[in-house]
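Asks: I have a structure here, written as structure tokens, and I will follow up with some questions on it.
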Amino acid sequence: MVKLILSEEETMLAESARGFLDADAPVSKLRALRDEGRTHDPALWVQMAAMGWCGVLVPEDNGGVDMGHAAAGVIAHELGKTLAVSPFLSTAVMAATALKQVDSAASAERLSAIAEGRLTYALALDETSKFAPENSRLACEKSGNGFVLNGQKCFVVDGGFADRVLVLARSGEGPEDLTLFDLPADHAGITRNDQAMIDSRNAARLEFDNVEATGDDIIGAAGDAMRVLRPALQAGQAALSAEMTGLAASAADMTVGYLKERQQFGRPIGSFQALQHRAAHLWCEMEVTGSAILHAGRMLDSDPDNAAMAVSLAKARAIKTAKLAVIEAVQMHGGIGMTDAFDMGFFMKRARVASEWLGDYGYHAEQVAAARGF
């Protein structure tokens, strides 16, 4: 297997992102937000916009930098290293990708607002404990020249503070009966039940009670939701996978540092062969997963119509690798790894939430198997 590597431009982006996040969004910042009862940091989002990150997938004509999905993955990877809390995935990656699928004045204006950091989004897709957008049941009924939405959505990441929300609704029983709406989050009839997830990030349960929408609120066309949504989901899944390898890298670095420093029987515990084997195994898994994730970004940039298997493979591997990294980290740190005073718990919790968001291991393994004809 050939190991994929970052380009010179991507390497510079990673170094710049690492310096900024280490200084302005370390893990201690997440701890402080949690202790204060806050689930997001608007000031950090403004700083990210100033660095051009909010427009990483926004066309230059709309004020973005349009660096592509591989670059978005580079940023997400660095965000994962410090567990930075931001609507980057929901807004700059998924919402921006969805809006790019549509040629309209409203979408162009919202893309510009995203690039400038003036607009945030959440995606209202899930209705059960598992990711299955095609099975969405939120009702969309014709009413005069418009529509009325009724139902509920759960696990709406960033939904408690987002300015707008992309809502997947169903008007019939067929696969072609799904429509994607772009609505203000404070639209009449939408109730947001805000909550903090176990990883101290924001999510919400949204209730839709006779929510009135018009044709202008539709992204694309009625019954055309998955054409618009599928590229956005793949972009989000690839970037989320990159974020997970970032948190895995930090967990591994902390563990290796501890193995070098912790003394037992008069020598560093990292000199014990059994622990060396475990650390080496984790490093190998991270290298393979890193290449899979970079490949997914490259496919989304060069051949998006055929990127589905690469994206699902990346997400499946990222889930397994992040889980391995945090479990090994807790175990090799011993008792301190189980305490809240030690940061590893934050990494474990973020890995657990990320494993479920946008499809768990079973979902993506099934997608890969289907793509390979099994």
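Asks: Give the residue that is least open to solvent (accessible area, probe 1.4 Å), with candidates limited to residues of segment 114-135 that are of a type in the set (S, T, N, Q) and modelled with pLDDT under 95. Break it down stepwise before answering.
Replies: Of all residues in segment 114-135, those of a type in the set (S, T, N, Q) come to 120, 128-129, 135.
If we keep only those that are modelled with pLDDT under 95 as well, we get 128-129, 135.
Numbers: Thr128: 87, Ser129: 103, Asn135: 106 Å².
Applying the filter and picking the extreme gives Thr128.
Asks: Looking only at segment 130-145, which residues are in contact (Cβ under 8 Å) with a residue 24 or more places away in the chain and more than 17 Å from Ala225 (Cβ to Cβ)?
Replies: Lys130, Ser143, Asn145
Condition check ((1) among the small types (Gly, Ala, Ser); (2) modelled with pLDDT of 95 or more; (3) in contact with a strand residue (DSSP E or B) (Cβ under 7 Å, 6 or more places away or on another chain)) across all residues:
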residue: Asp66; (1), (2), (3): no, yes, no
residue: Lys81; (1), (2), (3): no, yes, no
residue: Ala84; (1), (2), (3): yes, yes, no
residue: Ala106; (1), (2), (3): yes, yes, no
residue: Ser112; (1), (2), (3): yes, yes, no
residue: Gly144; (1), (2), (3): yes, no, no
residue: Gln152; (1), (2), (3): no, yes, yes
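Asks: Report, by residue number, each residue of segment 97-117 that is without any contact (Cβ under 8 Å) to a residue 40 or more places away in the chain and within 23 Å of His187 (Cβ to Cβ). Outline the logic, then answer.
Replies: The initial filter retains those residues of segment 97-117 that are without any contact (Cβ under 8 Å) to a residue 40 or more places away in the chain, namely 103-105, 109, 113.
Ser104, Ala105, Glu109, Ala113, listed by residue number.
Asks: Another question, if that's okay. Tally time: how many residues in segment 168-214 are touching a helix residue (DSSP H, G or I) at 6+ places or on another chain (Cβ under 9 Å) and in contact (Cβ under 8 Å) with a residue 60 or more places away in the chain?
Replies: So the answer is 9.
Asks: May I pose another question? Would you point out the residue of segment 171-185, among those that are among the acidic types (Asp, Glu) and either over 16 Å from Thr214 (Cα atoms) or in contact with a Pro (Cβ under 7 Å, 6 or more places away or on another chain) (or both), that is least open to solvent (accessible area, probe 1.4 Å)? Break it down into steps so the answer makes sense when it comes.
Replies: Step one: filter segment 171-185 for residues among the acidic types (Asp, Glu), giving 173, 176-177, 182.
Filter once more, so that each one left must be either over 16 Å from Thr214 (Cα atoms) or in contact with a Pro (Cβ under 7 Å, 6 or more places away or on another chain) (or both): 173, 176-177.
Numbers: Glu173: 142, Glu176: 105, Asp177: 36 Å².
For segment 171-185, the residue satisfying everything is Asp177.
Asks: Being out of contact with any Cys (no Cβ under 6 Å at 6 or more places or on another chain) and farther than 22 Å from Pro231 by Cα is true for just one of His40, His77. Which residue is that? Outline the logic, then answer.
Replies: Numbers: His77 fails: farther than 22 Å from Pro231 by Cα.
Result: His40 is the single residue among His40, His77 that is out of contact with any Cys (no Cβ under 6 Å at 6 or more places or on another chain) and farther than 22 Å from Pro231 by Cα.
Asks: Out of Leu294, Leu282, Leu259, which single residue is modelled with pLDDT under 95, under 32 Å from the mean Cα position of the chain (by Cα) and either among the hydroxyl-bearing types (Ser, Thr, Tyr) or crowded, with 17+ Cβ neighbours inside 10 Å (or both)? Steps first, answer last, please.
Replies: Numbers: Leu294 fails: modelled with pLDDT under 95; Leu282 fails: modelled with pLDDT under 95.
Only one candidate qualifies: Leu259.
Asks: Tell me which strands (runs of 3 or more DSSP E) are completely within segment 121-177 and hold 1 or more residues being out of contact with any His (no Cβ under 8 Å at 6 or more places or on another chain) and on the phi > 0 side of the Ramachandran plot, or say none if there are none.
Replies: Because the criterion is at least 1 residues that are out of contact with any His (no Cβ under 8 Å at 6 or more places or on another chain) and on the phi > 0 side of the Ramachandran plot, the strands (runs of 3 or more DSSP E) in segment 121-177 that meet it are 146-157.
Asks: Is it the case that Gly266 is open to solvent by 50 Å² or more (accessible area, probe 1.4 Å) and either at pLDDT below 95 or under 21 Å from the mean Cα position of the chain (by Cα) (or both)? It would help to see each step written out before you state the result.
Replies: On the way: open to solvent by 50 Å² or more (accessible area, probe 1.4 Å): yes; either at pLDDT below 95 or under 21 Å from the mean Cα position of the chain (by Cα) (or both): yes.
Yes; evaluated as a whole, the condition is true for this residue.
Asks: Being assigned to a helix (DSSP H, G or I) and in contact with a helix residue (DSSP H, G or I) (Cβ under 8 Å, 6 or more places away or on another chain) is the filter here, so list the residues in segment 14-28 that pass it. Before the answer, list the steps.
Replies: The initial filter retains those residues of segment 14-28 that are assigned to a helix (DSSP H, G or I), namely 14-24, 27-28.
Ala14, Ala17, Arg18, Phe20, Leu21, Asp22, Asp24, Val27, listed by residue number.
The values are calculated or read from the model by the stated rules, or taken from the named source; none is laboratory data. On a predicted model such as this, the values are computed, not experimentally measured, just so you know. As a convention, Cβ positions derive from the backbone with ideal geometry for all residues, glycine included, and neighbour counts pool all protein chains shown. Quick note on the areas: whole protein, heavy atoms, side chains included, nothing else; ligands and nucleic acids left out. Shrake-Rupley method; radii C 1.70, N 1.55, O 1.52, S 1.80 Å.
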